[in-house]
Amino acid sequence: MARKVVNRKALREEVEAAERSGAAVEKVAEKKAAKPKAAKRKSRSAEAKVVRVKLYWLVVNQSGKQVGSKFEHHQKAAAEKKAEELSQGGKSPHWVQKHREPIEEA
């Protein structure tokens, strides 16, 4: 579909004639009065929950799977010893990895 051709000269003449008579000023005032802008409402951000976590040491194999039990944070030496024992004898390497678990509070 073709658009309607706008005769800009004719439109301009109409606007200038309206400005001379003062009607344009009244129209602009009416538009501003008719559309009061609503104040924007501030969004409330959700409070971040503090999640407490407990650190464990895991002995993991090459594929990243846990081997054996998890060790408490203060038992890192025992976890490293266990990883070294599992790695000896030409087997796949094992190492110690940090693991954090959230603490469930009642």
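A short reminder: the numbers here are calculations on the coordinates, not readings from a lab. Everything numeric in this text was worked out from a predicted model, so none of it was measured. As a convention, Cβ positions derive from the backbone with ideal geometry for all residues, glycine included, and neighbour counts pool all protein chains shown.
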Fewest-first ranking of W57, W95, using other Cβ atoms within 10 Å as the exposure measure: W95, W57
Per-residue Cβ neighbour rank within 10 angstrom, fewest leading, E80, E19: E19, E80
Cα-projected label distance for N7 with Q75, points at 7 Å along beta-carbon direction, nm: 9.4 nm
Gained length - A46 relative to E14, 0.36 nm times residue gap less alpha-carbon distance: 6.1 nm
